[in-house]
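These notes concern the structure reproduced below.
The values are calculated or read from the model by the stated rules, or taken from the named source; none is laboratory data. Remember, it's a predicted structure, so these values are computed and weren't measured experimentally. Cβ: placed from backbone, ideal geometry, glycine included. Neighbour counts: every protein chain shown. Please note that ligands, DNA and RNA were not included when accessible areas were found on the heavy atoms of the full protein model with its side chains. Shrake-Rupley method; radii C 1.70, N 1.55, O 1.52, S 1.80 Å.
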Amino acid sequence: MELIWLAVAMAAFLGTHFALSHPLRPFLVKLLSLRGFLAFYSVVALATFGWMVVAFHRTPAGTPLWDGMAALPWTVSSLLTLVALALFMASLGGNPALAGARVHGLSAQLPRGVFKITRHPMMMAFAIWAVSHMLVAPIPRTFILAGGIALLALLGSHLQDRKKKELHGGEWRAWMKRTSFWPDLAHAKELGVWLAAASFPWLAITWLHMPLAQIPAGIWMLVPAHAL
């Protein structure tokens with residue numbers, strides 16, 4: 001029963017996010033004003049997210065499909081979280097997909113840096129983070145939570161492209177032609193400096209995983225629990 005409630009909570013989180021971000025947004029902005037809409041959106045997002053977190057913690061872990069703490073899934077997952085953090089950090093600067101970012105003149109720009117890899121580095125970071133957690137915690141509640149976040153990131157990116165095309169026409173269409181939706185590994189070297197920059201915050205975040213989630217993460221799995 002707890003698993004069903006978790007699925008319902010995730011559906012509510014995803015459904016309200018997509019509905020408020022796209023079909024209902026124009027009507028609600030007109031009704032509430034932009035500021036009022038943003039306040040309403042924030043309350044709904046926080047409420048459904050909180051419901052989802054509570055439902056997740058109340059759901060029994062269940063039996064894992066494989067040993068997520070074995071060397072291979074643990075190593076792959078650890079590397080993926082570092083890549084995700086690097087993509088997220090790189091996405092914070094010069095990202096035309098962010099709210100309020102300048103799009104005028106985008107059609108004349110060539111992608112640089114992380115945008116040679118993907119035009120949605122932030123959303124891809126969330127999706128990669130989700131996959132990494134499903135690798136190390138292959139249990140039903142993680143598949144629902146992390147799978148929902150991956151769906152939000154990937155479908156949200158697609159819907160964002162569609163909305164940007166409607167709003168900015170040729171500017172965004174040109175940007176889409178010059179960039180890739182899915183990460184283009186041929187340009188993976190563009191992430192190199194960001195991987196280095198992300199290393200220290202990654203160490204800090206993975207260290208916090210033990211006191212906050214009671215589960216070791218990253219290289220801290222090699223450290224005895226009593227020493228953390």
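Values computed for the structure shown
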item	result
Solvent-accessible ranking of SER21, SER107, largest area first, probe 1.4 Å	SER107, SER21
List ASP67, ASP184, ordered by accessible area with a 1.4 Å probe, largest first	ASP67, ASP184
Per-residue ³J(HN,Hα) for the range 197-205, Karplus 6.51 cos²θ - 1.76 cosθ + 1.60, θ = phi - 60°, Hz, x for Gly and Pro	5, 7, 4, 6, x, 5, 4, 5, 5
Charge dipole of the chain about the Cα centre (unit charges at C-beta), most positive-ward option of VAL103, SER180, ALA39	VAL103
The chain: angle of helix 121-136 to the longest principal axis, Cα-based, in degrees nearest 10	20
For the chain, with +1 on Lys and Arg beta carbons and -1 on Asp and Glu, the positive-most of MET124, VAL136, SER77 along the dipole	MET124
With Cα atoms, 0 to 90° folded angle of helix 25-58 axis to the chain main axis	10
In degrees, nearest ten, helix 71-91 long axis to first principal axis of the chain (Cα)	30
Cα gyration tensor, the range 54-136 - rounded (a/c under 1.5), prolate or oblate	prolate
Dipole magnitude (debye, nearest 20) for the chain, charges at Cβ of Lys, Arg, Asp, Glu	880
Sites ARG173 and LEU72 - FRET efficiency at Förster radius 35 Å, r taken between beta-carbons, to 0.05	0.25
Relative packing of 199-209, 134-144, 9-19, which averages over residues the other C-beta atoms within 10 Å, highest first	134-144, 9-19, 199-209
Residue-level accessible surface for VAL114, protein heavy atoms, 1.4 Å, Å²	10
